[in-house]
1. Going by what's in this entry, would A:THR37 be described as over 18 Å from A:GLY217 (Cβ atoms), among the hydroxyl-bearing types (Ser, Thr, Tyr) and under 17 Å from the mean Cα position of the chain (by Cα)?
2. In segment A:193-232, what residues are more than 18 Å from A:MET169 (Cβ to Cβ), more than 9 Å from the chain's Cα centre (by Cα) and crowded, with 19+ Cβ neighbours inside 10 Å?
3. Given (1) surrounded by 21 or more Cβ atoms within 10 Å (Cβ to Cβ); (2) part of a loop (DSSP other than H, G, I, E, B); (3) of a type outside the set (Ser, Thr, Tyr), where does A:LEU8 come up short, assuming only one miss?
4. Within 17 Å of A:GLY86 (Cα to Cα) and of a type in the set (Asp, Glu): is that true of A:GLU39 in this structure?
5. Need at least 1 residues that are within 22 Å of the chain's Cα centre (by Cα) and more than 8 Å from chain B (Cβ to nearest Cβ) per element, so show me which helices (runs of 4 or more DSSP H) inside segment A:41-124 make the cut, counting only ones lying wholly within it.
6. Checking the condition touching a residue at least 60 places away in the same chain (Cβ under 8 Å), in contact with a strand residue (DSSP E or B) (Cβ under 9 Å, 6 or more places away or on another chain) and either closer than 24 Å to A:ILE157 by Cβ or outside the structural domain of A:GLY151 (by TED's automatic domain parsing) (or both), which residue from A:ALA5, A:ALA49, A:ALA27 passes?
7. Taking A:VAL35, is it of a type in the set (Val, Ile, Thr) and either touching a Leu at 6+ places or on another chain (Cβ under 8 Å) or in contact (Cβ under 8 Å) with a residue 12 or more places away in the chain (or both)?
8. Where residues in segment B:232-268 are within 14 Å of another protein chain (Cβ to nearest Cβ) and among the aromatic types (Phe, Trp, Tyr), which of them is nearest to B:ARG80 (Cα to Cα)?
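The values are calculated or read from the model by the stated rules, or taken from the named source; none is laboratory data. Fair warning: this is a prediction, and the values are worked out from it, not measured in the lab. Note that each Cβ is placed from the backbone with ideal geometry, even for glycine, and that neighbours are counted across all protein chains shown.
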Amino acid sequence: MAGYAISLQELTKDYSVGFWRPRPVRALNKVSLDVNTGEVLAYLGPNGAGKTTTLKLLMQLIYPTSGGAEILGRPVGDIDTKRRVGYLPELPYFYDNLTAEELLWYFGGLFGLSGPDAKRRAATLLDRVGLEAERRRRLRNYSKGMLQRVGLAEALINDPEVVFLDEPMSGLDPVGRRQIRELIQSLRDDGRTIVFSSHILSDAEALCTRVAIMAQGTLVAVGHLSDLEFKTLGWELVVTGSDTQALTSLGLDAVKQGQGGRFVVDVPVHRHPDELLPLLASEGFSIVALTPIHESLEDYFVRHVTRHASTAAGSHELNETPQTATSSPKR
Amino acid sequence: MTVVVRIAAHVFKESVRDKVLYNLVLFAVMLMAASYLIGQLSAGQDVKIIKDLGLAATQVFGLFIAVFIGIGLVSKEVERRSIYSLLSKPVRRHELILGKYAGLVLTLAVNITVMAMALYLVLGYMSWTETEEFKQNWETPATDPALLQALFLIFIQLMLVTAVALFFSTFSSPILSAVLTFGLYVVGHFNTDLRNFENIVDSQAVGILAGVVYYLLPNLAPFDVKAQVVHAQPISFGYMALTSGYAGAYIGALLLAAIFIFSRRDFK
């Protein structure tokens, strides 16, 4: 456990549901996960998968039913550790009667920043999230996307080593999303540890070094993008040769590309290149390129979540057998 | 301690920018000004009426401020989810409760000061415009410093009501907190009746229950010394100290209970 920026050990959370006869429902089921220092982890999952619950547990907004977690080697809730952590809640909301810069000064003060330091830091951050011109407007007049940006600035007011972002792109327009993506990239380049929950997979692909996929409170897959076993859907083959007749005779659909007898062929997954390449060579074709076509992260995500949902058979009660995907990052 | 002060300052800043607060204070000040006109209608009783109305306005509008802002201190933070950002900072949960309470008490102190100044201004104007002969009929001088005793006890009572509102606000919705706080405020003024309940009812169990409820609920009647002050009856320092001490103990117990509940609460 030592050395990890974040470590979850069989973290479990049950909620009571029902007024007259309350029964426990498991929101998070024995999740174990380690995140290395400087790593960007995308915490993925459909709505209700347990992403926000995990982040709330790490911020001690809720208490675990069992298991535990550490941030920077200290149990969650440790005040000194909180000074080194930033958190953006999902759909953040702040105080109507404060301006953006006053809000940041206030939160900066809670971190022990002096007045001038908090003001300097607030100005820098509001500029970074594109709200410099709006900094003296009351928050009640802010749009959802603007509040999201203020939330991001607020999460970074203490220059944190570890940043938790719950759906950071939520409510943002394309320009805003790009700005925030660049901001997260710069945080990553600074060597900060970032965990962000999302169901926008393109963000995960662009930003993260590892992904963890949650479904119904259980961690179903975790790993580096390069290590995840993406299904091979086929191959893209580029060849040069005389005509398409020979390709058709081999059962391949080809598209002519440019001049000079160059063809692009989509090879289906059941036609393995080991068997196909000698046949093409014997027909007089030269192989220019052969590229495997893998499923996207989105396909992978849907496949795992769907598979988990079918095995769990919709049951989410306490007696459910956990399927814990415990993983530590590559060191 | 710094965190508590910062949270208190924030509550004060948020409160003084709230339109509700301005409206309440403005209305109270207007009522005090109007009491001057009402006083003119009753020969010889004008000063008493102004004092009575002024103190009552301070109490009632102070109560509205205490309840309407007090109930939102925690429950609105939870409802609007701003609590997530706040508790993710290096803030202990008890510091949040104490900071919120201190902030509202500061707001109340400033508002009661404004209302007291308005009251003294009206009374001062009256004293300035009346003849010496007319003033001879007054039981006490218009700008009687004893009014400050009544104002102080109103403030202490409102501190207690604020603690009640904050306590309810840690585990219930704003509307429910308001209903419970107003309910307790009303019951608190008739609490003394419970003490003598066992002499009225036949059942010993009911008598004991009434006794328990008497000690459990806040007794707010002793804080109301308007009549004594207006009718020139002295209020001893011992009475003031004892009543303030009672409020201090009750506030302490309420804040401890609020911290106990709040520290264990999940913010889903």
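1. Taking the combined requirement at face value, the residue satisfies it.
2. Residues satisfying the conditions are A:THR193, A:ALA215, A:GLN216, A:GLY217, A:THR218, A:LEU219, A:VAL220, A:ALA221, A:VAL222.
3. (2)
4. yes
5. A:51-58
6. Just one listed residue meets the conditions, A:ALA5.
7. Here the answer is yes, as A:VAL35 does meet what is asked.
8. The selected residue is B:PHE267.
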